[in-house]
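The values are calculated or read from the model by the stated rules, or taken from the named source; none is laboratory data. The shown structure was predicted, so the numbers you read here are calculated from the model rather than taken from an experiment. Using ideal geometry, Cβ is built from the backbone for each residue, glycine included, and neighbour counts are taken over all protein chains shown. With ligands, DNA and RNA removed, areas are computed over all heavy atoms of the protein, side chains included. Shrake-Rupley method; radii C 1.70, N 1.55, O 1.52, S 1.80 Å.
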Amino acid sequence: MSFGTLLFTWLHGELVGSDEFGNRYYIDKRTKGAKRERRWVLYKGEAEASRVPPEWHAWLHATIAEPPVTPSEKRPWQQPHVPNLTGTNLAYRPPGHVLKGGQRAKVSGDYEPWSPN
């Protein structure tokens, strides 16, 4: 985060809460209670939007009026957060991808290319 963001938060921000990742959520004291409030998050560590839990995402986008008090109960099918790996060496690359050697499996005999007669 930049010095300007920290200064703006110090001057105009009111801490509303934090989440399990250590992110802190703020509301602008000047727009509090107005029809369109200004809300933002200060990330702990690297700024990555995928680390915002769903309940806080809903509050940031004014889907819900009140900030979440407790984290929502995790469903059995939910997995722990994994950062967005796009652009890194750990990103998913399907078979045949140029960065995985560029060799893909041969197509089966049921493929016929279209040709205009």
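A few points about this structure:
- Gaussian network model of the chain, Cα within-10 Å springs - most flexible of 63, 88, 31: 88
- Note that the chain, at 20 °C in a medium of 1.002 mPa s, gets a Stokes-Einstein diffusion coefficient of 117 µm²/s from its Kirkwood radius over C-alpha pairs.
- Sulfur and carbon atoms: percent of accessible area, the chain [1.4 Å]: 56 percent
- For residue 66 and residue 20, the difference between the fully extended length at 0.36 nm per residue and the C-alpha to C-alpha distance is 14.8 nm.
- Comparing 51, 24, 75 in a Gaussian network model of the chain (Cα springs below 10 Å), the most mobile by mean-square fluctuation is 75.
- Probe 1.4 Å, accessible area per residue of the chain, Å²: 83 Å²
- Spatial offset of the stretch 66-117 relative to the stretch 21-45 amounts to 33 Å, using the alpha carbon center of each.
- Between helix 3-12 and the chain: long-axis angle, C-alpha atoms, 0 to 90°, nearest 10: 40 degrees
- Fluctuation leader among 47, 105, 62 - the chain, Gaussian network, Cα springs under 10 angstrom: 105
- Charge dipole (debye, nearest 20) of the stretch 22-63; +1 at Cβ of Lys and Arg, -1 at Cβ of Asp and Glu: 320 debye
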